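Worksheet for the structure shown next.
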Amino acid sequence: MVQKIALEEHFLSPEYIKPWLPTVAEMPAAKRDYLLGALTDFGERRLAAMDNAGIKRAVLALAGPGAQAERNTAKAIRNAIAMAARLASSDVVAQVTHGVAVAGVS
């Protein structure tokens, strides 16, 4: 099987869940909950989905609306720093060795 690289695979960190929720407000709750689980997973669920699709590497990108949705500049900066720190944590860095690359803050 040809191994693929998936570009712009979306994720959410806790700081960005609240701004994301209005973007899926009209979606059925079960589908919204499924997506939230998938977007916030950096472990076996994401890796299994990659394996099932033949994806060798994935470039992660923060799901919209992202940092730009926060009108308070200081809070936007704090949230972006917290999200970047979480991505750099040992849990997520461990996933990089399994083929998940991390893109910059949107």
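The values are calculated or read from the model by the stated rules, or taken from the named source; none is laboratory data. Here the structure is a predicted model, which is why all the values come from computation and not from measurement. Backbone-built Cβ (ideal geometry, glycine too); neighbour counts: all protein chains shown.
Restricted to region 1-50, and to residues that are under 14 Å from the mean Cα position of the chain (by Cα) and polar (S, T, N, Q), which residue is modelled with the highest pLDDT? Result: Thr40. Filtered by the rule that a residue be closer than 27 Å to Ile81 by Cβ and out of contact with any Pro (no Cβ under 8 Å at 6 or more places or on another chain), region 17-34 gives Ile17, Lys18, Leu21, Pro22, Val24.
Remark: pairs (first residue in region 68-79, in contact (Cβ under 8 Å) with a residue 40 or more places away in the chain; second residue among the acidic types (Asp, Glu); Cβ separation under 8 Å; 6+ apart in sequence or on different chains) = Asn79/Glu15; Asn79/Glu70. If you go through region 25-58 and keep only what is assigned to a helix (DSSP H, G or I) and touching a residue at least 12 places away in the same chain (Cβ under 8 Å), you end up with Leu36, Leu39, Arg46, Leu47, Met50, Ala53. Contact map, region 1-17: residues that are under 22 Å from Asn72 (Cα atoms) paired with residues that are part of a strand (DSSP E or B) and of a type outside the set (S, T, N, Q), Cβ distance under 8 Å, separation 6+ or inter-chain. Pairs shown: Leu12/Leu62; Ser13/Leu62; Tyr16/Leu62.
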